[in-house]
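To start, the structure under review is shown below, and the notes come after it.
The values are calculated or read from the model by the stated rules, or taken from the named source; none is laboratory data. Computed from a predicted model, the values in this text were never measured in an experiment. Positions of Cβ are backbone-derived with ideal geometry, glycine not excepted, and every protein chain shown enters the neighbour counts.
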Amino acid sequence: MRKLNSILFVLFACTVAAFGQDISISATADKTAVSLGEQIQVVVQLVANKRLSGNFTPQVPKNDDFDVVSTNQNQNQSSSITLANGKMTQTVNITYLFYYVISPKKTGAFTFPALSCTVDGATYSTNPFAITVGKEQAQAQASEVSASLTVSKKNLYKGEQALLTVRVAQKANAQVQLNEQGFGGMFDKLEKEMSKDFAASRLFTQLKGVHEVVNGERIFSVKAQYSLVPLSTGLLTIPGVPFAYIALKQVRSRGGDPFDDFFGGNPFFGGGVQQVQRSVMSNGLSIQVSPLPPAPAGFTGAVGTFTMNASADPRQVPAGDPVTVSILFKGNTRPNSMPEITMPQLADCEVFPPEKHVSVDTTPNGIMCQKAYKYLVVPKQEGTTVIPALTWTYFDPVARVYKTLSSEPVTVVVTKGKSGQASQTRYLTQEEIRQVGQDIRYIKTGVTLKRQTDQPYKDLVFFVLFPLPFLIALFSFLYKVQSERYEKDSSLILRRQALRKANKVLASVSKQASKMPGPEFCAKLAEACEDFISHKFGFAATGKTLDEMKLELSGRGVQPSALELCVAFFESLDAYRFGMTTLDASYRIGLLEKAQKLIAELEKQKKGKPA
Amino acid sequence: MKRIVLTVSALLVFLVMPVRTPAAPVNYWFDRANALYEQQAYDSAVVLYGKILEAGTTSSAAFFNLGNSYFRLKKVGLALLNYEKARQLSPDDPDIIANIKFANSAIIDRLPENEKSFAGAIVVRLHTLFPLQTQLWMIVILLFCLSILFSLFLYTSQNARLWIIYGSSILFFITLSLGISAGVKIYSREQVQYAIVLSESLDAKNQPNGNKVLFTVHEGTKFRVRKALNDWVLVSLPTGVSGWVQVSSLGKI
C-alpha cells in the first residue's frame, strides 16, 4: 500500500504562513511526467482556522501549454482539543479543496503556474511546478480510443442539409470504459460549437455500439449523426471536441510485502484495478458554405429536394356537399424552412380553414419533413370546380438551380344539390317563399301566456318530492325491523311502555288524590309501582315480600340508593295499612312523590345512568 | 297523528299547486301584438312581444311569435335566436322545429351535420322523446312506485316477492334510463352555452383583439360558446374550428 501511495507524486507542498491569520495554501499533482493525451489532477488545499466568505477560488490563467478539462471543489472541517499544563485548547481547521483536471496540449516541458487567492484583502499563492509531457506513450494511448468528426459534404449552400457523423472507437482489447458522461459531455460541447453557424438536430435518440474489423483489428465503435444546416456563408469551422473516458490500469505490488503482493495484485480484493480519467480530442472540420444565387420572385428560402401532391375526395358531389382537398408536401429540410401552403380563392365554393399535420422523420439520410393539409371545400354551384395547380419555388442544391414545384390541377364535378339548397339566396322574400310553396308557420294565437322555465329541475316541488320515496322506503324498512324485534321479544313492548303507563296511573291518581278513599289510593300507587317494576325488570313484583323484591332488584343490578327508595315507599304504604298513620292530604302528596321518585330512579338505573 | 297527516297534505297541495299566474296586461299585449302582426306591422309587434318577455313572462309562444316577426323583418339571426329560445321552453313543439329548419335554409353558412348510426339515431330519439319536465315527473312517480314495491316486498310472502322483484327491476331500469337522460339534459343546460350570429358577417380571430382572421361566419349561424374574456368569447363550430369573436355581435340562447 505504501508503494501504491508513492505512485502519487507529491510535486510541491508550499505552505505560506499568514501573518495574523492561520491560513495555509498548497498545491499537489498526481504526476509530473505524462504522455500527450493523458490528464493530470492538481489539488489545491486551503486550510483556515475559520470559515471563509466571498469568492476565493484560485483561478488558472489561460495558457498555451494545457487545457483545464474540469474543475471541482469540496470542503471539510476538523477540530482538535489539546490539554497542556491543565489548560484545554480547541483548534478548528476548515480545509477547502480545489480540483483541476488538466490536459497538456503539446509535448515537452512546461510550468504549472502559481495559483493565487485573496482572503480578507491578503493574497496567498502556491508555488509553480514543472510538468514533462512525453510523446511515445501518448500515441500508444491515443490509439486505444479515438474520436472523429466527418461531414457528408464539405461544400454546401446556405440552408442545405448535410450529415455530421461523430464516431468514437476503441480497440476491442483496450482496458477502457466508455460511459454516458463522456458522450454527453462531447455532444454538449459539439452542439455548443455548432450552434454559432449551424442549425443542428440530433438524428439519434439512443447510442448503439457495433463491433467491426478495421485493418484486421477488432474495434468497438459508437456512431451518432446530426443534421447540419448552415445559417451563414464562408469557411465555417467546427473545432475538435474532447471525449472523456476511463482507462483501467492494472496495479501489481512488487514491494516485497507478501500481504500487498497477494491482495494488491488480486482484483477480487479490490485495489487491483485503478481507474484513470482520460480524454481524447476529435479532429476539427472546415466546411465551405456558398451563398445562394440571386433568387426569383416567390422564393421563400427553402433549399433541398421537395415533392408536392394535391388530391380531392370525392371527385363528384352534389352542390352543398363537402369535398376534402388534401395537399401533401414533403422535403428534406427542417419544418420551419418549408413554407405554408394556402388554398387559392375558389369561385362559388366555401373553403373552411384547413386541418394541418406536420411530421418530422429522422432518417439516416437526414431530416425529412412532411406537411399535410386537409381543406373542406363546399361547392355551391352545379358544374365543374377546378382546384388550380399550387406552385412554389425552391433551390435545388444538387442541380444548383431554382426550381418551381407544381401540383396537378384537381377537377371536381358538382351535380345538382339537394332541394335547390345550393342556389338559394341569403334572404327570401315572402313572395319568393310562396313560389317554392313553403313559408314559416304562423304565429301562435289564442294562447293564455304562462311563465315557463327551461330549468324545471330547479322547481321547489321536485326538491320536496324527490326525497319522499326514499324516506318512505326507509320508514318501511325501520318499521319492519322494529316489528321483528317486538315479535322476537314480547317483553320489549312492556319494558318500553312501562314508564309511560306508570306515569299515566300516577297522574290520574294525583288528580283524584283528595277524592279517592285511602285504601284505593294506596292500592293504585302500589299497583303502579309494582307493575312498573314487573315490566321493567322482568319479574312478577306483585305478591312478593319486600325482602324478596329487594333481592330480585339487587340481582338485576339495581343500586342500593334505589333499593332504599323502594323500601321507604313500600314501608310508608305498610305504615298506613297497619294503622300506624293516618292518610291525610300531606301524607298522600308525600306518598305520591315517593312513588314518582322511585319510578324515576329505577328508570335511570335501568338505563344504566346512576342517580 | 291526524293533525300531522293534515299538515303534510296541506303542504304538499300548496307546493304542487301552480301558484304563479301571469299578469293580465301580458295577455292583452300578446293579443295586441298578434293583431299588429296580422296587419304586417312587424316592428310594432316586435316591441310588444319584447315587452311581454321583459315583464318576466318567458313563454315559448311569445318567443315563437317574436321570432316570426323578426323573420318577416328579414332579421334571420334574431329570428333564429328567438326560435331557439322557444325550443328550449317547448322542445317538442312542431311549429318551432319547422320554423327553425326553414330559417336555417335562409342563412349563408352551411355546416355539415354529424351523421348518426342507426343505433345512435335511436338513442337520440329516445333521449329527446320527452321534455325534461315530463321526464322529471315520470321519475318522481316511478320512484314512488318503487318505494311502495319495496315496502310491499318487506311485508309479503316469498311467492309474491318474486313478482315484486321482476316488476321493480323493470321500473328501476326505466327510472335509471330516464334519470341518465335527464342528467345529460340538465348538464347540457347548465354547462353548454350556444349563441347565434346577429351581425351580417363576423370574423373569428386567433385571439381577443387579434389581427389574424381564422374564419368568417354570417348572420344566423349557431355555434357553441366555450369561454369568455371581457368583450370576447371563444366559439366553436360543429366542425371543431374555434375562434374569438366579439360578444356584441352574438345573441346567447
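Computed values, structure above
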| quantity | calculated |
| --- | --- |
| Residues satisfying the stated conditions in region B:129-143, i.e. outside any helix (DSSP H, G or I) and either buried (at least 18 other Cβ atoms within 10 Å of the Cβ) or within 12 Å of chain A (Cβ to nearest Cβ) (or both) | B:130, B:131 |
| Test: residue in region A:338-345 that is more than 18 Å from residue A:392 (Cα to Cα) and of a type in the set (A, V, I, L, M) | no |
| Residue count for region A:536-563, restricted to those that are of a type in the set (Asp, Glu) and either loosely packed, with under 15 Cβ neighbours inside 10 Å or in contact (Cβ under 8 Å) with a residue 40 or more places away in the chain (or both) | 2 |
| Positions within region A:58-75 being of a type in the set (A, V, I, L, M) and within 21 Å of residue A:25 (Cβ to Cβ), in sequence order | A:60, A:68 |
| Within region A:416-432, considering residues that are crowded, with 17+ Cβ neighbours inside 10 Å and facing chain B (nearest Cβ under 9 Å), the one modelled with the highest pLDDT | A:428 |
| Test for residue A:604: is it farther than 23 Å from residue A:545 by Cβ and either in a loop (DSSP other than H, G, I, E, B) or at pLDDT 80 or above (or both) | yes |
| Among the candidates B:154, B:178, residue that is within 22 Å of the chain's Cα centre (by Cα) and either in a helix (DSSP H, G or I) or more than 10 Å from chain A (Cβ to nearest Cβ) (or both) | B:178 |
| Given (1) part of a strand (DSSP E or B); (2) within 13 Å of another protein chain (Cβ to nearest Cβ), index of the condition residue A:329 fails | (2) |
| Residue check, residue A:346 more than 30 Å from residue A:201 (Cα to Cα) and either in contact (Cβ under 8 Å) with a residue 40 or more places away in the chain or β-branched (Val, Ile, Thr) (or both) | yes |
| Sole residue being out of contact with any helix residue (DSSP H, G or I) (no Cβ under 9 Å at 6 or more places or on another chain), in the same structural domain as residue A:412 (by TED's automatic domain parsing) and at pLDDT below 85, chosen from A:338, A:308 | A:338 |
| Members of region A:337-353 that are out of contact with any Lys or Arg (no Cβ under 6 Å at 6 or more places or on another chain), within 14 Å of chain B (Cβ to nearest Cβ) and assigned to a loop (DSSP other than H, G, I, E, B) | A:340, A:342, A:343, A:345, A:352, A:353 |
| Within region B:229-244, considering residues that are in a loop (DSSP other than H, G, I, E, B) and crowded, with 17+ Cβ neighbours inside 10 Å, the one farthest from the chain's Cα centre (by Cα) | B:241 |
| Answer from B:126, B:81, B:73, B:66 - the residue that is within 25 Å of residue B:249 (Cβ to Cβ), more than 8 Å from chain A (Cβ to nearest Cβ), in contact (Cβ under 8 Å) with a residue 40 or more places away in the chain and of a type outside the set (S, T, N, Q) | B:81 |
| Residue in region A:481-497 that is over 21 Å from residue A:603 (Cα atoms), among the polar types (S, T, N, Q) and not in a loop (DSSP other than H, G, I, E, B) present | yes |
| Subset of region B:84-99 that is facing another protein chain (nearest Cβ under 7 Å) and not polar (S, T, N, Q) - its residue that is surrounded by the most Cβ atoms within 10 Å (Cβ to Cβ) | B:89 |
| Residue, nearest to residue B:136 (Cα to Cα), within region B:181-206, restricted to residues that are more than 13 Å from chain A (Cβ to nearest Cβ) and without any contact (Cβ under 8 Å) to a residue 60 or more places away in the chain | B:195 |
| Some residue of region A:397-415 being aromatic (Phe, Trp, Tyr), modelled with pLDDT under 80 and either surrounded by 12 or more Cβ atoms within 10 Å (Cβ to Cβ) or in the same structural domain as residue A:159 (by TED's automatic domain parsing) (or both) | no |
| The listed residue being in contact (Cβ under 8 Å) with a residue 24 or more places away in the chain, over 15 Å from residue A:602 (Cβ atoms) and hydrophobic (A, V, I, L, M, F, W, C), out of A:522, A:566, A:529 | A:522 |
| Residue within region B:207-214 that is assigned to a helix (DSSP H, G or I), within 14 Å of chain A (Cβ to nearest Cβ) and loosely packed, with under 15 Cβ neighbours inside 10 Å present | no |
| Answer from A:362, A:393, A:384 - the residue that is in a strand (DSSP E or B) and loosely packed, with under 13 Cβ neighbours inside 10 Å | A:384 |
| Within region A:456-481, tally of residues that are within 7 Å of chain B (Cβ to nearest Cβ), more than 48 Å from the chain's Cα centre (by Cα) and loosely packed, with under 15 Cβ neighbours inside 10 Å | 2 |
| Region B:100-112, residues that are more than 9 Å from chain A (Cβ to nearest Cβ) and either within 25 Å of residue A:454 (Cα to Cα) or at pLDDT 90 or above (or both) | B:100, B:101, B:104 |
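This table checks each residue for (1) touching a Cys at 6+ places or on another chain (Cβ under 7 Å); (2) of a type outside the set (A, V, I, L, M).
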| residue | (1), (2) |
| --- | --- |
| A:376 | no, no |
| A:380 | yes, yes |
| A:385 | yes, yes |
| A:389 | no, no |
| A:397 | no, yes |
| A:403 | no, yes |
| A:411 | no, yes |
